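Beneath this line is the structure, given in structure tokens, with notes to follow.
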Amino acid sequence: MEKQNIGENLFWSIFRNKFINRLIFKSSDFKFRVYTYYEINNVCWMINHKHFSLLREKILRNDRNLNFYNPNDDLYSKFPIFEYFKQDTELFSNLLENFKYEKSLSKLTFSNLELLALKNDNVALLSVIINQLKHYSELETFYKIINIGSIEIASYLFNNHFKDIILREQPESTNTLWNEAIGYQSNIKSKYNEQFIFNNSEEVYNKKVEFYITNISKVIPPFSMNSYSNSVATTTTTTPIEINKYGNPTLFGISIYDLSLRRIIKCCKTISFLLLANEQPEFQYSKDDIIEMEQLKQYEIPDLIFTNGELNSKMQTFTFKNTIVKRLYEMVLLFSDSPGLYRPSIANIAFYQMKYHEEINNKAYNRIFNPQSFGYYISGSNYTPGIFSTNIFEYCRNDRDERIIPYFRDAIKAILGGSQIDKSLKPPTNDFLITKSILIRYAIILNDLEIIEMIYKKLSISQTDCISLVRGIGSGIENINFDVKIFDFFFYKLTETDRLNIINSIIQNYQLSNYFKNNYPIDYKKSVLNYKFPQKNNNYLPKFLCENYKDFVNKENEIKSRFQDFLFRRVFFGYKLPSIFTFPNNEGIDVELKIRPYKLYNYKMVSSVTPQLNWILNNRSQDIKDGTLQITYDKILITQYLRNNIEETILNDINNSYYQQECVTPTILNDLLEEIAKRGDIKTIEFIIDQFKNNKPFLNHIIGLSKSFSLTNNQIDFHNYLDNKIK
């Protein structure tokens, strides 16, 4: 440790030399998490950052530095490239031919590749496997891909390999295909889906039914309530199909209200497909319950009847007055059941009855849904969500006049004694105060000034209530983007004393604090004088305070004592802090704040230190030169590399014999060498090797460790360059 300290002291004595200072602190671009074309070789990184064109170009160029390594053990998540380029046979032809010996891809068998193609519905990959690698699919494979919903591949195999077999040579296979791979329920168990788990079974089922009726047969096998069963993967026993409350097969195990309108329309199309293909006498429905196929297709066209935004909106968000949405809900309800451990479930029915038929006194329904979510006020009920809940009136936000306004009127009437049940809520009980406070918070969450004014007019709102509500607004819990007129409304109700302390209530809300400063300048100047800092062990510093610290003229000492906290906030959260803090002295002249020695936040991690250190090198370099910032040399090296200043830094330190000291070991270069190798930066490693060619311990360490890092990152050209240096 003593030798290390001697080495560090030597470095700093050199570092403060004026000539070195001029070189090291010159401005430069910062390449932290910025890479050149040749440095990028990680396939997962390119996919995660949507650089698909770049990845494709590198594959077609046979870039041998491409690194396909992924630490995931699961086959499907380990190779994300197969989730993309689903029509690009050229790419997969090159990939399987030119990268077959790559250390990750070389472990894939034909069976693995086929599974990846089927799971990802990747037609291009499967066609290359069949046509180039001569790995042919069997008829059972076709059943499998229908079952798992890989419809693009199903179309490819059907049109190119199995059409004649299925339609002419083996007509009985159409019934087999239906019964084994599709059936009358979305979660059919089959030997063909043992290896797959579905997240959106109704979407898969919709695709399967449409494909079958469009391509295989306009007629489907009849449904029999008594005899129909579906195959089970590992047993010869049969499992009867699920029948819902309406006496129909459960085609969909879904929460109708929670799916988008677009997905529900597709479910309705599936129902119509089934009924058109074979009118099922055992299904319980009337013709009036079914929407015609042509009408459903019109619903899907953006901006014809529904906007694109509406098509992507959940069913629960639509007004109860929308009769089209109501009919769609009813149609799917006839052939579905709610998902869950205990089935049949009544959630879909409960939602329908409460939203469209005002059935609010059913205890079974109320255990699933809060009546208040639909805009129903029940006197004396316990169905009150948390005070700061943002999902109040969740299912009636577009029914303001018909549901929400009446809710508040009923609640106010109950509080004022309009019903015998609510007498316990009348003043002076705490229940009354709580209910009143909750009502106003609801109105704030709704961002509805008209309702707030109605509550204020009808109920007695105290000064305590007002300041409490302003605190809630300021904390941002209710609604960060609320209408500022709501703040104005309550601000004018406050006493002079409360106004003087308001900055303490709202300073966490950055937007509101700026609004207060810009629109109430006199009150703002008075209020900041009464600001109280958080406890000293509270590391949080409001963004508004960081950017407006000079306004808090009587808090100079506390701001000075927390400068390092300000610095961290500036680096990590992008606060608009100046690089220098100044305060007026006794003569009124601004003087730069002198700070105590400090270390960077999380200073042992390179990824954490380099962006901080870069900011300091650009804006507070004096902290390094005078020793105020306590930082080790290895962190300086990698930061200077990312600033494109590594050559000047190493040259100066070699010229000043820094690396000749006994206490300075080659490990000081480890972080730097890892970053260079990860990027495959031959130019820089060549420079470093040349500088240390006469220092054998350093040279051997540089080459050996860099080779190791290059293998980890599959930088083949970089590794070969180092190999040649040894020869």
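Just so you know, all these numbers are worked out from the coordinates, no wet-lab data involved. Note that the structure is predicted; figures quoted are calculated from it, not measured. Don't worry about glycine lacking a Cβ; one is built from the backbone with ideal geometry, like all the others, and counts go over all protein chains shown.
Here the spin labels are modelled as points 7 Å beyond Cα on the Cα-Cβ line, and at residue 515 and residue 693 they lie 6.8 nm apart. Each of residue 106 and residue 165 was given a label point 7 Å from its Cα along the Cα-to-Cβ line. The distance between the two points is 3.4 nm. Please compare each pair in 594/635; 413/457; 78/314; 100/683 to a cut-off of 22 Å on the Cα-Cα distance and tell me which ones are over it. The answer is 594/635; 78/314; 100/683.
Residue separation of residue 60 and residue 651 scaled by 0.36 nm, minus their Cα-Cα distance, works out to 208.8 nm of gained length. For the range 76-142, the fraction of alpha-carbon pairs lying more than 17 Å apart is 33 percent, rounded to a whole number.
Over all other residues within a Cβ to Cβ distance under 13 Å of residue 655, the charged ones net out to -3, with Lys and Arg as +1 and Asp and Glu as -1. A crude spin-label estimate for the pair residue 135 and residue 628, with each label 7 Å from Cα along the Cβ direction, gives 6.3 nm. Rounded if a/c is under 1.5, else prolate if a/b is larger than b/c, else oblate: which is the range 299-379, with a ≥ b ≥ c the root eigenvalues of its Cα gyration tensor? The shape class here is oblate.
Which of rounded, prolate, oblate describes the range 484-547, given a ≥ b ≥ c as roots of the alpha-carbon gyration tensor eigenvalues and a/c under 1.5 marking rounded, otherwise prolate only if a/b is larger than b/c? Judged from the Cα gyration tensor, the range 484-547 comes out prolate (a/c at least 1.5, a/b above b/c). Using 30 Å as the Cα-Cα cut-off, could you pick out the over-long pairs in 517/560; 31/625; 50/625; 297/321; 458/517? Listed pairs above 30 Å: 50/625; 458/517. What the Cβ-Cβ distance of residue 604 and residue 87 gives, at R0 = 30 Å and to the nearest 0.05, is a FRET efficiency of 0.05.
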